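Values in this text are rule-based calculations from the coordinates and carry no lab data. Since the structure is predicted, the reported quantities are computational estimates derived from the model, not experimental observations. Cβ sites come from the backbone with ideal geometry, for glycine too, and all protein chains shown count toward neighbours.
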Amino acid sequence: MTEELVGRTRELGDLTDFVRTSRKESRAILLEGPPGVGKSALWRAAIEAARETHVVLRARPDSAEALGEGLVGLASIDHPEHVETLAGSHDIALLGGWSGIREAAMANLARLRADDVVPLGDDTQSQVHLSVGGFFNASRVFTMNQLLREDFLIELPAHGVLFVVPNRHLVAVHPISGIGMVHATTTLIRVAQGEYDVPGSISPHVWFWRDGEVQQVTRPAEESTVELHVEGMLEQVMREVGLIEDDS
């Protein structure tokens, strides 16, 4: 999916020039700014530009929590006036190391609650549930069982859930149970794409969660659309609920 940057032509041009002139020596560039100004979107656009002339390698710091392909959480401190991200090993060490910080962060996420919960659709088989909240609301997918229980009264869904986190304030989920998944997927794609182009964007894609395992299930397609990829865990659960017949 192509991401449109509004009002960032100069910055994107500077990044593109930097990338294209960095072919013979090692160089670095730092993106700085307060939360919500579009640093992540600018970074992603620069990566896409770099693919035209470079082989792009991605990395994440050791002090990070991965949740499936492409979803990574960094520990942060919620100050009264701003949010400070802890990405440096020095900061992590001063606070007692990553294991202790991770434990405290997960406990704090588990205590968060949504500001509002909204159902989309009247058919319970295809209904999508929206959770809207503060700066860290989308991060609650790292404690998915608690989020499902507290926001949607869903206890340990047998076949997992589809979910989207288009921005830091919004989580939308659909517990898979049968044919209603087809319509729910369309709804989730619409929510993800419609709520992604805002400050604090995270992902325009749909994900599948089951028993702590996460799989990205939509991929970019032609003409700025996305398509569902039925494979791996998602294929298995679709067979369980009768949406795919066994080859035999």
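Descriptive notes on the structure:
- Both radii come from the Cα set of the range 103-183: Rg as radius of gyration, Rh as Kirkwood radius; their ratio Rg/Rh reads 0.97.
- Projected over all directions and averaged, the alpha-carbon convex hull of the range 113-240 occupies 7.3 nm².
- Residues Glu231, Glu150, Glu81 in ascending order of nearby Cβ atoms (within 10 Å, fewest first): Glu81, Glu231, Glu150.
- For peptides 186-193, 138-145, 10-17, 219-226, sequence by mean Cβ density within 10 Å, most packed first: 138-145, 186-193, 10-17, 219-226
- A cut-off of 5 Å between modelled amide H atoms, ignoring neighbours fewer than 5 places along the same chain, links Val72 with Leu67.
- Distance cut-off 14 Å, percentage of C-alpha pairs in the range 64-110 lying past it: 53 percent
- Cβ-Cβ distance of Asp14 and Leu95, R₀ of 30 Å, FRET efficiency by 1/(1 + (r/R0)^6): the value works out to about 0.30.
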